[in-house]
Amino acid sequence: MIESLASLTETERNECFALLGHSDWETLDYVWELHARPEQIMPPGDWSQWLILAGRGFGKTRTGAETVRQLVCGETPEEPGQYRRIALVAETAADARDVMVEGDSGILGVHPPAFRPIYEPSKRRLTWPNGAVATLFNATEPDQLRGPQFDLAYCDELAKWRYAQETYDMLQFGLRLGDKPRCIITTTPRPIPLIRDLIKDPRT
């Protein structure tokens, strides 16, 4: 359906939209492909890290949250997605909570109600209806990442992390579940060594 809508002219799309009821409009609000720019759509290929270097206004947080939703959710709320154990890593604990999870463009906001995970702040945990679980971490305490294992990670504002290299290295030790562990990185550009290394990495 999305591909069909995208191939229509603006006039033809407006004619289709005029036939939609209220519930249909609500559904379209959560179809990321209708709202995203091409550079915000998850790239194809066998990559390990998707590095998004962009300034304010790009929609980095929304892109990261929508990509997590795409990879974690199935076709129905209970159906498994591609990934089930997720690390959400921000500069601080407050950023993980206020930006990545509860922010206007955060993970809770981009999910339709039936698919929305339950957030338990005291446990730093999000649990989806299909059983997938995300845990929140911060880059001021790299040792938080010692021990847990994941198949997917989403890192926000990595270039601002106080202990960027230490935290990212610790994350990589645990990013080993499944056949294709992946990491989504959204950050304002800064020429720190870790960012330069990621740019040069053929897996990025």
*Could you give every pair whose Cβ atoms fall below 7 Å, whose first residue belongs to the range 37-50 and is within 15 Å of THR204 (Cα to Cα), and whose second residue is surrounded by 10 or more Cβ atoms within 10 Å (Cβ to Cβ) and among the aliphatic types (A, V, I, L, M), counting only separations of at least 6 or pairs across chains?*
GLN49/ILE185; GLN49/LEU198; TRP50/MET42; TRP50/ILE184; TRP50/ILE185
_Test: residue in the range 39-55 that is assigned to a helix (DSSP H, G or I), at pLDDT below 95 and of a type in the set (S, T, N, Q)_ = yes
*With respect to GLU75, determine if the residue is in a helix (DSSP H, G or I), without any contact (Cβ under 8 Å) to a residue 24 or more places away in the chain, among the acidic types (Asp, Glu) and open to solvent by 50 Å² or more (accessible area, probe 1.4 Å).*
no
_Of all residues being closer than 14 Å to LEU175 by Cα and surrounded by fewer than 15 Cβ atoms within 10 Å (Cβ to Cβ) in the range 127-147, which is modelled with the highest pLDDT? Just the residue, please._
ARG146
*Please specify each residue of the range 148-172 satisfying the condition of being surrounded by fewer than 20 Cβ atoms within 10 Å (Cβ to Cβ) and farther than 21 Å from GLU120 by Cα.*
ALA159, LYS160, ARG162, TYR163, GLN165, GLU166, ASP169, GLN172
*Mind telling me which of the residues PRO129, PRO148, PRO193, PRO121 ends up being in contact with a Gly (Cβ under 8 Å, 6 or more places away or on another chain), touching a residue at least 24 places away in the same chain (Cβ under 8 Å) and more than 20 Å from THR63 (Cα to Cα)?*
PRO148
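The values are calculated or read from the model by the stated rules, or taken from the named source; none is laboratory data. Values in this document were obtained by computation on a predicted structure and should not be read as measured data. So basically every Cβ, Gly included, is an ideal-geometry build from the backbone, and we count neighbours across all protein chains shown. Protein only, heavy atoms only, side chains kept; ligands, DNA and RNA dropped before computing areas. Shrake-Rupley method; radii C 1.70, N 1.55, O 1.52, S 1.80 Å.
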